[in-house]
Each structure stands twice: as C-alpha cells, then as structure tokens.
Amino acid sequence: MNTNGNGRTAVEPSKNGSRSTAAAKNQAAAPDNANDNGTAAISPHRHTISLYVANKPGVLIRIALVFARRGYNIDSLVVSESNDPNFSTMNIVASGDKKVLDQILLQLNKLIDVVHASDRTGEDIIQRELVLMKIQCGQDRRTEVLQLALALGCEMVDLSENSITFQVVGETEKIENVKVILAPYGVRELVRTGKVLMARGEIATA
C-alpha cells in the first residue's frame, strides 16, 4: 500500500489481475446452452418406436398422454390398419432421453389396448418416408431443377408455370438431404407422412 502526494492511500493493482480478466472473458464466452454446473446441455435423441394396438376409439389419446406426462416430444406419428382389422400398427418418432423412454415403454406395455410396444432405434429394419415438396421454379431454372431432382431420386408429380412438385420416398437421411439441396431454390410447401417401418425376415415388427 502506497501514499500519494495528497495523503490519500493508493491501491496497488492485483498481481493476478490478468488472470481475473481472462476468467471474466471466459465466463462471458460460455455457451448459452450450458447448465448450472457449467457443462453443455445434451440435445435429445430421436427414437423410433413401433406399437401393435387394438383398433378402438381413444387408444391414440391414451398413448399420446403417456409421452406427454414424461415430457417427451412426438415428432411424427403414423397409424394404419394391420392385416387384422381389429388391430392397428403405430409408428412413432419421438425425441428425449433413453432412460425416460424405457419408462415410457413400460407404461405403454401396461395399457390394456397395447399388445406390444418396442424401441426400434438403431435396428436393421426397413424404414421409409414419403414427402411432397413444392419448389418455386420459373422457366429459366426449370431444366436445372429437374436435372438435380432426378439425380436425387425425386419423382415429379405436378408442374405449373412457376412451380414444380416432387415426390420423394426413402429413409429419413435421404429426405433431409433432398430438403437441404433443394432449399436454395425456394421450398413453397412441404408435406411429410412420417416414418413407417417393418422388421426384416420372419421377425414380427411389433
């Protein structure tokens, strides 16, 4: 501690002042998605769930409530009649934690109208989605867009003066790739069915 000319006490700068400044900068640069203990927040994983359920009124609502109560978000849901008209197959793509999903599956399999529910994520199964995509396209770029869409495996289902509508069928990765590549041309509308799946060979899907 030093005394200056007017008798007041002068405070010496801290020797570790540079470290304090650096720490402050690091704290300011921390990612917004960090949680309370400083670790980065983990984004939820997508899971593919297959169900075989009784074809009765109210079944869909009861299944959706199981997911909602556990804080799980349903990204897509497809329901269709099975080869037995008394039962339906249901394919759900949902985002969330794996441990929570295990609890959801336990609850689903306890429902009276659910014959069986299983997580098919990561399994070697047949998966398909169908998408209708309307692209903004004038005559000046029509040839370019058609050639690109053909290379991506798209099928043209409608053509107008300023737009082209394509049908895309395939796995989720293919659908996402087509969306990214055609996005710069201007996607006016997009309708997506959601994922349908079937187990390979003699194994039952659900």
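Take SER50 and tell me if it is buried (at least 16 other Cβ atoms within 10 Å of the Cβ) and farther than 17 Å from LEU105 by Cα. Show your work before the answer.
Values: buried (at least 16 other Cβ atoms within 10 Å of the Cβ): yes; farther than 17 Å from LEU105 by Cα: no.
In short, no.
Got at least one residue in the range 165-180 being of a type in the set (Asp, Glu) and either assigned by TED's automatic domain parsing to the domain that holds ARG70 or crowded, with 17+ Cβ neighbours inside 10 Å (or both)? So that I can check it myself, show each step before the final result.
The first filter runs over the range 165-180 and keeps only residues of a type in the set (Asp, Glu), leaving 171, 173, 176.
From what's left, either assigned by TED's automatic domain parsing to the domain that holds ARG70 or crowded, with 17+ Cβ neighbours inside 10 Å (or both): none.
Checked the range 165-180: no residue is of a type in the set (Asp, Glu) and either assigned by TED's automatic domain parsing to the domain that holds ARG70 or crowded, with 17+ Cβ neighbours inside 10 Å (or both).
Return the total of residues in the range 134-157 being farther than 30 Å from ARG46 by Cα and in contact (Cβ under 8 Å) with a residue 12 or more places away in the chain.
Count: 9.
Taking VAL131, is it in a strand (DSSP E or B), surrounded by 17 or more Cβ atoms within 10 Å (Cβ to Cβ) and touching a residue at least 60 places away in the same chain (Cβ under 8 Å)?
Details: in a strand (DSSP E or B): yes; surrounded by 17 or more Cβ atoms within 10 Å (Cβ to Cβ): yes; touching a residue at least 60 places away in the same chain (Cβ under 8 Å): yes.
The answer is yes for VAL131.
Would it be correct to say that GLY122 is under 29 Å from LEU65 (Cβ atoms), at pLDDT below 95 and either outside any strand (DSSP E or B) or not basic (Lys, Arg) (or both)? Steps first, answer last, please.
On the way: under 29 Å from LEU65 (Cβ atoms): yes; at pLDDT below 95: yes; either outside any strand (DSSP E or B) or not basic (Lys, Arg) (or both): yes.
So GLY122 passes the test.
Could you check how many residues of the range 53-73 are surrounded by 14 or more Cβ atoms within 10 Å (Cβ to Cβ), modelled with pLDDT under 90 and not basic (Lys, Arg)?
The total comes to 1.
Would you point out which residue out of ALA199, ALA183, ALA204 is under 30 Å from PHE87 (Cα atoms) and either surrounded by fewer than 16 Cβ atoms within 10 Å (Cβ to Cβ) or of a type in the set (Ser, Thr, Tyr) (or both)? Even if it seems obvious, please write down each step before you answer.
Values: ALA199 fails: either surrounded by fewer than 16 Cβ atoms within 10 Å (Cβ to Cβ) or of a type in the set (Ser, Thr, Tyr) (or both); ALA183 fails: under 30 Å from PHE87 (Cα atoms).
Result of the check over ALA199, ALA183, ALA204: ALA204.
Kindly evaluate SER76 against the criterion of being in contact (Cβ under 8 Å) with a residue 40 or more places away in the chain and of a type outside the set (Val, Ile, Thr).
Numbers: in contact (Cβ under 8 Å) with a residue 40 or more places away in the chain: yes; of a type outside the set (Val, Ile, Thr): yes.
It is true that SER76 is in contact (Cβ under 8 Å) with a residue 40 or more places away in the chain and of a type outside the set (Val, Ile, Thr).
So, in the range 125-140, how many residues would count as being more than 30 Å from ASP102 (Cβ to Cβ) and either of a type outside the set (D, E, K, R) or modelled with pLDDT of 90 or more (or both)? Steps first, answer last, please.
As a first pass, look at the range 125-140 and keep what is more than 30 Å from ASP102 (Cβ to Cβ): 130-140.
Imposing the further condition that a residue be either of a type outside the set (D, E, K, R) or modelled with pLDDT of 90 or more (or both) reduces the set to 130-139.
Total meeting the criteria: 10.
The values are calculated or read from the model by the stated rules, or taken from the named source; none is laboratory data. Here the structure is a predicted model, which is why all the values come from computation and not from measurement. Cβ sites come from the backbone with ideal geometry, for glycine too, and all protein chains shown count toward neighbours.
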